[in-house]
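Here it is, the structure, as structure tokens.
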Amino acid sequence: MAEHTLDPTLLSLLACPQDKGPLSLVRDAEGNSVLYNPRLRRAYSIDNGIPVLLVDEAREVGEAEHEAFLAQG
């Protein structure tokens with residue numbers, strides 16, 4: 001698996017398309033980087049280094065995964 005990181009400047013500019021709030025860069029259980037909105041508990045994938053910020057493409061996050069994401073900062 002190729003590692004992709006987001007430029008810190010880009011990350012600071014990205015916002016959730018639903019509530020327009022900030023997103024956190026975290027790793028899911030499979031080790032993939034995702035952008036996470038803890039307010040709505042939605043995770044947005046990053047496809048080949050490109051954030052997929054589409055509400056219809058986001059996935060809901062359960063309680064255990066939410067806690068794990070919060071622990072990552």
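For the range 49-72, check the following and say yes or no: at least one residue is in contact with a helix residue (DSSP H, G or I) (Cβ under 6 Å, 6 or more places away or on another chain) and among the hydrophobic types (A, V, I, L, M, F, W, C).
no
Out of all the residues in the range 29-48, which are touching a helix residue (DSSP H, G or I) at 6+ places or on another chain (Cβ under 9 Å) and at pLDDT below 95?
29 - this is the single residue of the range 29-48 that is touching a helix residue (DSSP H, G or I) at 6+ places or on another chain (Cβ under 9 Å) and at pLDDT below 95.
If you don't mind, there's one more thing I want to ask. Could you list, in sequence order, the residues of the range 2-15 that are small (Gly, Ala, Ser) and either under 13 Å from the mean Cα position of the chain (by Cα) or modelled with pLDDT of 95 or more (or both)?
Passing the criteria: 12, 15.
The values are calculated or read from the model by the stated rules, or taken from the named source; none is laboratory data. Note that the structure is a prediction, hence the values are computed from the model and not measured. Glycine gets a Cβ as well: all are built from the backbone with ideal geometry, and neighbour counts include every protein chain shown.
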